[in-house]
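Below you'll find the structure, written out as structure tokens, and then a few comments.
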């Protein structure tokens, strides 16, 4: 009920989750072994529109063996208490928005076979499974991205400067060639006349 309240789950979860069998809660399976009260061993809340952190109340499900919280919008880190659920064999946290490092003990449980089916963490862009991520990465990555952006801007400015300079030089050379051509044309049109020819051309003016 705490999990239902925490996430605002819209399911017909009322009364005892395990008894009677015909009214077992949707997404819940129970164990009826021995003389003890039934225990929840299976919880599937995949694609249920869950938001916020992984509910701490899940830590009370000591007998749970299957937990599926995939394809929701869960945020925050993967809680350490998941590694303390010793009956947990299948864990699926795929397709959320979880961040930070997966607890070392949980990784160990997955690697040594305590989680018989490997835990699934895919689709969480900010989640680090290897354990090599640290707070320094949170600084280094944005810093590298910022430096990269600054380099691109600087390179663009330098390229623009040289393009402008080249265009200016080309324009000046074009003007010089045009001036030279006009000068040559003017010089080629020079002609000398005798005094008598000038009198004749100007009608003795």
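Any read-out appearing in this document is the output of simple, stated calculations on the displayed coordinates, not a laboratory observation. For clarity, every value in this text was computed on a predicted model and none was experimentally measured. Cβ coordinates were reconstructed from backbone atoms using ideal geometry, including for glycine residues, and neighbour counts include every protein chain displayed.
If you plug the beta carbon distance of residue 155 and residue 53 into 1/(1 + (r/R0)^6) with R0 = 45 Å, you get a FRET efficiency near 0.60.
Counting 0.36 nm for each residue step from residue 192 to residue 36 and taking away their Cα separation leaves a gain of 43.1 nm.
Rounded to the nearest 0.05, the FRET efficiency derived from the C-beta distance between residue 129 and residue 81 at R0 = 25 Å is 0.90.
Distance between the 7 Å Cα→Cβ label points at residue 2 and residue 19: 2.2 nm. Of the peptides 4-17, 95-108, the order by per-residue mean of other Cβ atoms within 10 Å, starting with the highest, comes out as 95-108, 4-17. Cα centroid separation, region 25-43 to region 83-125: 22 Å. For the peptides 72-80, 38-46, 196-204, the ranking by packing is 38-46, 72-80, 196-204, with the highest mean count of neighbouring Cβ atoms within 10 Å listed first.
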